[in-house]
Amino acid sequence: MLLFKTVRSIKKYLNTVKKSGKKVGFIPTMGALHEGHLSLLKAAKRRGLVTVCSIFVNPTQFNDPEDFKKYPVTTDSDLAKLHHSGCEAVFLPSVKEIYPHGTAIKKPQKFGFLSETLEGEFRPGHFEGMAQVVERLLRITEPDYLFMGLKDYQQQLIVGQLIKRLGMRVKLVSLPTVREIDGLAMSSRNTRLSESARKKAKWLYKELSNLADKIRSLKEKRSTKIVLKRLSTKNTDNNKNSLKDDNWLNVIGQLTSQSAKRLAAKGFIVEYLEVRNAKTLSHPKHINEKLVVLVAARLDGVRLIDNVVV
Ligand code: AMP
């Protein structure tokens, strides 16, 4: 495994890789690696790509300076894990190397509602910093494929938009969330949970998947009703609205607030628990839209996020 600390050196290496006709898969990370990160690397390897992982704790995406200070740094064990998993190259730049002209964002990328809602609302500036570093890293590595986790659902939607906007030819591959045995989504921040909080943390996914299951069965019920209604009426131009989307959406709203209350009773400070359109993150208008349930909650001072697509 090769280790690069400068933009110049990794560019030089990648030029030779590309000249030899090989395709590059890039996995950006902030380190403190776990099986979630490694699943992205393994997916890139399965595609026969030359794998490049970056480890860079990007200061500009932390809206909370304390969170940045406390972010775990475990470089030696990260490098060992990457080596063991067959990573070809690691990019481990300094802040100066990534931002030679300072960290201020001159022309922030804007994504409107997509970046202002949910995480954007609770972490102002986070996505601007994230887009800034992803753009910089993509311009340095110019990969054929970019691997990201669905764990950061909103992030991978925004990166998809960013790639389109910049006209880059890189293909974004978003992969499922890797979980601990009790369901907790793996995250570098989990190491900051106390023993008792770690035990409680499993309830986040339990509530989330429970809510997703209920929504799924509501969706199924609704499709069955539509089929039955179609069969029982000669009018094939069935007016779906007669089945009152409003009612279904009200039920979803009630189920969601019950879940949020149960989480609060278990000690979570819920920032949001929301059912949204899976592509746009807008509030759903019809139950037959593809939906995603997203949550952010603090437990023991640690901010946890998770989501389940319905
Ligand atoms: P981070 O180091 O937290 O910035 O994450 C780097 C990449 O790993 C991002 O694309 C994340 O979405 C992804 N990732 C983080 N946790 C997981 C997980 N539990 N399962 C799958 N991917 C993950």
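A short reminder: the numbers here are calculations on the coordinates, not readings from a lab. Keep in mind that what you see is a predicted model, and the values were worked out from it rather than measured. Virtual Cβ from ideal backbone geometry, glycine too; neighbours counted across all protein chains shown.
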Mind grabbing the base-10 log of I(q)/I(0) for region 74-114 at q = 0.23, 0.24, 0.32, 0.34 Å⁻¹? Debye formula, identical points on the C-alpha positions, no solvent, two decimal places.
-0.79, -0.81, -1.10, -1.15
Given N residues in region 263-310, what is Rg(Cα) / (2.2 N^0.38 Å)?
1.28
Debye-sum result for the chain in log10 I(q)/I(0), which assumes one identical scatterer on each alpha carbon, at q = 0.07, 0.09, 0.10, 0.12 Å⁻¹:
-0.32, -0.52, -0.63, -0.86
Can you list the lysines whose alpha carbon sits under 22 Å from that of Lys19, skipping same-chain ones fewer than 8 residues off?
Lys5, Lys11, Lys45, Lys171
How far is helix 35-46 tilted, in degrees, relative to the longest principal axis of the Cα atoms in the chain, given as a value from 0 to 90 rounded to the nearest 10?
80
Note: His84 to Glu35 extended length (0.36 nm per residue) minus current alpha-carbon separation gives 16.4 nm
FRET efficiency for Met1 and Lys70, Cβ-Cβ distance as r, R0 = 30 Å, nearest 0.05?
0.60
In µm²/s, what is D for region 162-310 at 37 °C and 0.692 mPa s, where D = kT/(6 pi eta Rh) by Stokes-Einstein and Rh is the Kirkwood radius from Cα pairs?
188
Quick check: convex hull of the Cα atoms in region 90-190, volume per residue, rounded to a whole Å³?
131
Taking the DSSP beta bridges in the chain as the whole, what percent of them are antiparallel, to the nearest 5?
45
In straight Cα distance, which lysines are under 17 Å from Lys214, not counting same-chain residues fewer than 8 positions off?
Lys206, Lys225, Lys261, Lys290
Figure the gain on full extension for Lys290 and Ile181 (residue separation times 0.36 nm, minus the Cα-Cα span) and round it to one decimal in nm.
36.5 nm
Translational diffusion coefficient (Stokes-Einstein; Kirkwood radius from C-alpha pairs) of region 37-133 at 20 °C, 1.002 mPa s, in µm²/s
139
